[in-house]
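Engineer: One structure follows; several queries about it will come next.
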Amino acid sequence: MASYVQIANLAAELIGTDARLTSPDDDRVLARNVKAVWDLQRRTALGDGAWNFATKRQALPALVDAVPYPFSYAYKLPADCLRLLEVLNPTARESYQLEGGNILCDTAAPLYIRYLFDVTEPALWDEGFADAFARRIAFTIGRRIAGSTYDTAAGWRLYQDALNDTKAQDARENPPIEQEESSWIEARLGGCY
């Protein structure tokens, strides 16, 4: 179970500084820099994958406001949605449009979706994600803390490597998903024989 302080201190170690945090409210250069980027970088790192610990499903009701042409229905994304992962209704999977925080489609309510949400508490994060996030923080603030001695290219590679390893582990936690053939594939194959 990771904590804010542990993640910040791992980032400091990756940067190569001896500075460490004892509390999220420390008034040191390292603490101020971590705090300045924490929320934005957390949401960005969560959006870099389809993390099991940050995934929800929800049935959305249709909006009653005017729906933009040529669609018949509009659905508001949940307030905590970072990124839409999947529309689960078979009739809407291939023919929806995401615009202005709404899903537009021709499928009647409810619209079932799977999406990423913002998990703010580090104790609820997957350990691999916490490690990758610390590397993203290090990459983001490394130059401000260590100056020109910090290698940003190496920092980005460290983040990408950790992200790839963690995403692979996260993917192995679920069984493979059978994908339905799209109508385009079915029409193409049906017309050839």
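The values are calculated or read from the model by the stated rules, or taken from the named source; none is laboratory data. This is a predicted model, so every value here is computed, not measured. Neighbour counts are summed over all protein chains in view; Cβ atoms, including those assigned to glycine, are modelled from backbone coordinates with ideal geometry.
Engineer: Restrict the check to region 5-19 and report whether at least one residue is touching a residue at least 60 places away in the same chain (Cβ under 8 Å) and farther than 22 Å from Gly128 by Cα.
Structural biologist: Yes, region 5-19 contains a residue that is touching a residue at least 60 places away in the same chain (Cβ under 8 Å) and farther than 22 Å from Gly128 by Cα.
Engineer: Related question: Which condition breaks for Gly128 when tested against (1) surrounded by 15 or more Cβ atoms within 10 Å (Cβ to Cβ); (2) assigned to a loop (DSSP other than H, G, I, E, B); (3) modelled with pLDDT under 95?
Structural biologist: Of the numbered conditions (1) surrounded by 15 or more Cβ atoms within 10 Å (Cβ to Cβ); (2) assigned to a loop (DSSP other than H, G, I, E, B); (3) modelled with pLDDT under 95, the odd one out for Gly128 is (2).
Engineer: Residue check: is Tyr69 farther than 30 Å from Tyr4 by Cα, of a type in the set (Ser, Thr, Tyr) and either touching a helix residue (DSSP H, G or I) at 6+ places or on another chain (Cβ under 7 Å) or touching a residue at least 40 places away in the same chain (Cβ under 8 Å) (or both)?
Structural biologist: No.
Engineer: Any idea which of Thr91, Thr140, Thr120 is within 30 Å of Ala19 (Cβ to Cβ), among the β-branched types (Val, Ile, Thr) and surrounded by fewer than 16 Cβ atoms within 10 Å (Cβ to Cβ)?
Structural biologist: That would be Thr120, the only listed residue that is within 30 Å of Ala19 (Cβ to Cβ), among the β-branched types (Val, Ile, Thr) and surrounded by fewer than 16 Cβ atoms within 10 Å (Cβ to Cβ).
Engineer: Can I ask one more? Given the conditions (1) among the small types (Gly, Ala, Ser); (2) more than 30 Å from Ala19 (Cβ to Cβ); (3) in a loop (DSSP other than H, G, I, E, B), report the number of the one that Ala59 does not fulfil.
Structural biologist: Of everything listed in (1) among the small types (Gly, Ala, Ser); (2) more than 30 Å from Ala19 (Cβ to Cβ); (3) in a loop (DSSP other than H, G, I, E, B), Ala59 misses just condition (3).
Engineer: Just the residues that are part of a loop (DSSP other than H, G, I, E, B) and surrounded by 15 or more Cβ atoms within 10 Å (Cβ to Cβ), please, taken from region 62-77.
Structural biologist: Answer for region 62-77, where residues must be part of a loop (DSSP other than H, G, I, E, B) and surrounded by 15 or more Cβ atoms within 10 Å (Cβ to Cβ): Ala62, Leu63, Val67, Phe71, Leu77.
Engineer: Looking at (1) over 19 Å from the mean Cα position of the chain (by Cα); (2) in a strand (DSSP E or B), which one does Leu82 not meet, given that it meets all the others?
Structural biologist: With (1) over 19 Å from the mean Cα position of the chain (by Cα); (2) in a strand (DSSP E or B) applied to Leu82, the lone miss is (1).
Engineer: Filter region 20-61 down to the residues that are surrounded by 15 or more Cβ atoms within 10 Å (Cβ to Cβ), of a type in the set (D, E, K, R) and modelled with pLDDT under 95 and list them by number.
Structural biologist: If the condition is that a residue be surrounded by 15 or more Cβ atoms within 10 Å (Cβ to Cβ), of a type in the set (D, E, K, R) and modelled with pLDDT under 95, then Asp26, Asp48 are the ones that fit.
Engineer: Now for a separate question. Within the group Asp106, Asp65, Asp118, which residue is touching a strand residue (DSSP E or B) at 6+ places or on another chain (Cβ under 8 Å), within 19 Å of Asp39 (Cβ to Cβ) and acidic (Asp, Glu)?
Structural biologist: Asp118 is the lone residue from the list that is touching a strand residue (DSSP E or B) at 6+ places or on another chain (Cβ under 8 Å), within 19 Å of Asp39 (Cβ to Cβ) and acidic (Asp, Glu).
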